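Take a look at the structure below.
The values are calculated or read from the model by the stated rules, or taken from the named source; none is laboratory data. The shown structure was predicted, so the numbers you read here are calculated from the model rather than taken from an experiment. Positions of Cβ are generated from backbone atoms using ideal geometry, with glycine treated the same way; all protein chains shown enter the neighbour counts.
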Amino acid sequence: MLKRTAGCLLLLSGLVWAQTPEEEVLSAQMAYQQASRSADAAQRRLDAAQQAKKLAEARLADAQNELQRREKEVGEASAAAESATRQLQAAEKNLKQAWQHKEGVVR
């Protein structure tokens, strides 16, 4: 960037030092071309940055959707695990009562 600025300053200073109209036009044309190349490069960089941002936003949206799906899945799995635990506890209670009844030790 510093080299470009220095180059532009040299080109612009050439406008002041130009002795003939032809040299002045040539110097101005060179400065214009340099400025045009710089503007084109800056625009390409902006376009690339905007495209990268759009891709990042899309990935973020996908990740957020995936997170919501996983949170729902965890909630469903948690509810199923709690239900299964309650069923296991009830089955365990019934089994214990059956054994106690079989052995004739009802408490």
Self-check item: Residues being among the aliphatic types (A, V, I, L, M) and exposed (fewer than 10 other Cβ atoms within 10 Å of the Cβ) - total across segment 82-107
Solution: 2
Quiz prompt | Selected residue (criterion: modelled with the lowest pLDDT) from residues of segment 1-45 that are part of a helix (DSSP H, G or I) and among the β-branched types (Val, Ile, Thr) | solution = Val16
